[in-house]
1. Is there a residue being touching a strand residue (DSSP E or B) at 6+ places or on another chain (Cβ under 7 Å) and of a type in the set (V, I, T) anywhere in the range B:70-79?
2. Among the residues of the range B:57-68, how many are farther than 15 Å from A:T72 by Cα and more than 7 Å from chain A (Cβ to nearest Cβ)?
3. Name every residue in the range A:118-140 that is under 13 Å from the mean Cα position of the chain (by Cα) and more than 18 Å from B:K80 (Cα to Cα), in order of residue number.
4. Does the range B:69-111 hold any residues that are within 10 Å of chain A (Cβ to nearest Cβ), hydrophobic (A, V, I, L, M, F, W, C) and surrounded by fewer than 17 Cβ atoms within 10 Å (Cβ to Cβ), and which are they?
5. Which numbered condition trips up A:V68, out of (1) surrounded by fewer than 18 Cβ atoms within 10 Å (Cβ to Cβ); (2) modelled with pLDDT under 90?
6. Collect the residues in the range B:57-68 that are surrounded by 21 or more Cβ atoms within 10 Å (Cβ to Cβ) and in contact with a Leu (Cβ under 7 Å, 6 or more places away or on another chain), keeping them in residue-number order.
Amino acid sequence: MNRKRWALPSLLVGLGLCAGCFTPPLSGPLLAGPAASTATGPTRDQLPVRPSIGLLFERYRAPVQTNVKDVTLGSKTGTAAVFHIRDPFLTGLPLVTLGNQDRDMATVAAARQGNISQIDLVEVERFSVLGVYIRETIIVHGE
Amino acid sequence: MRAITRYLAILACCSVTTACAGIYGAPVVPPPGFLFSRFAAPLDIDAQDTKPGSKVGRSSSQSILGLVAEGDASISAAAKQGGISTIRHVDYEFENYLGVFSRFTIVVYGD
C-alpha cells in the first residue's frame, strides 16, 4: 500500500524534472525582449555554451561570449545576479524572478558593480537546486 | 527513507534512459554517441588569422547521471590554469560514458 502511494508521485516528479530540462526555449518569433527571458525563466537555453546538466543540483561556470580572439583578461571583476523560483512540473515557467532579467542589462550592471569601463570577457555562474531555485550570475572581467 | 530511495532510483532511471548527462550545448556540436562520446570541437568559431599561442589551459565541469552537475568550465579559469594572459583561441572537449558520467572541458590557447 505504502509502495503504491509513493510510486505515482515519484514517477511524476522524475518525469517532470526530466521534461523540465527538455522544455524548448520560448524565444525568437514567439516572444521577444524581456518577455522572452521571463518566459524561458532559467536562461540556460539562451546560452551559447551549456555544460552538462544536473536535474537535482547544478553549480558551474561557463562562457557567455565565445569570440575571444586576442582577449587580454583585465584585473577587475564585476557580478550581477538573477534569481528564479520556477515551477518545473506543470508549466516550466518561473513564478518569481528578481534581478536584471535582460542579459545585456545584467552585463552593464556587473560592469558597474566592478567599476569596469572596458569589458574583456563575460561569463555566467549557474546555481540550481531541483530546477526550482535558480541563481544565474553574470561575471564580467575587464579594466 | 525507502520513499526517498525509490524517488532517487526513478529519477536515475529517467535520467539514464534519456541520457541526461549527455545533454549539453555549444556553437559546434559533432554527432554525439548515445553510449560513448569523446571528442573536441571549436568553441570560438572565428578562427580567421588566429595564431595559436604557446600555452594551453583547461577547466572542466562534470555531470553524474544528469542529476548533479558541478565544476568551473569558464574561460577565465582555464586561462588561469594555463598561465595565459592573452587568449588566442578556445576549443572544448566533451566526454560521455553511457549517459551516466559526462565531462565538459574548456581548452584555452594563448600566451
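1. So the first thing to find is which residues in the range B:70-79 are touching a strand residue (DSSP E or B) at 6+ places or on another chain (Cβ under 7 Å), and the list is B:70-79.
Imposing the further condition that a residue be of a type in the set (V, I, T) reduces the set to B:75.
Scanning the range B:70-79, I find at least one residue that is touching a strand residue (DSSP E or B) at 6+ places or on another chain (Cβ under 7 Å) and of a type in the set (V, I, T), so the answer is yes.
2. Filtering the range B:57-68 for residues farther than 15 Å from A:T72 by Cα gives B:58-68.
Pick out the ones that are also more than 7 Å from chain A (Cβ to nearest Cβ) and you get B:58-60, B:62, B:64-65.
Here the count works out to 6.
3. Residues of the range A:118-140 that are under 13 Å from the mean Cα position of the chain (by Cα), as a first pass: A:123-129, A:131-139.
Selection gives A:R126, A:F127, A:S128, A:V129, A:G131, A:V132, A:Y133, A:I134, A:R135, A:E136, A:T137, A:I138.
4. B:F101
5. Just one mismatch for A:V68, condition (1).
6. Scanning the range B:57-68 gives B:G66, B:L67.
The values are calculated or read from the model by the stated rules, or taken from the named source; none is laboratory data. Model, not experiment: these values are computed from the prediction. Note: ideal-geometry Cβ built from the backbone for every residue, glycine included; neighbour counts use all protein chains shown.
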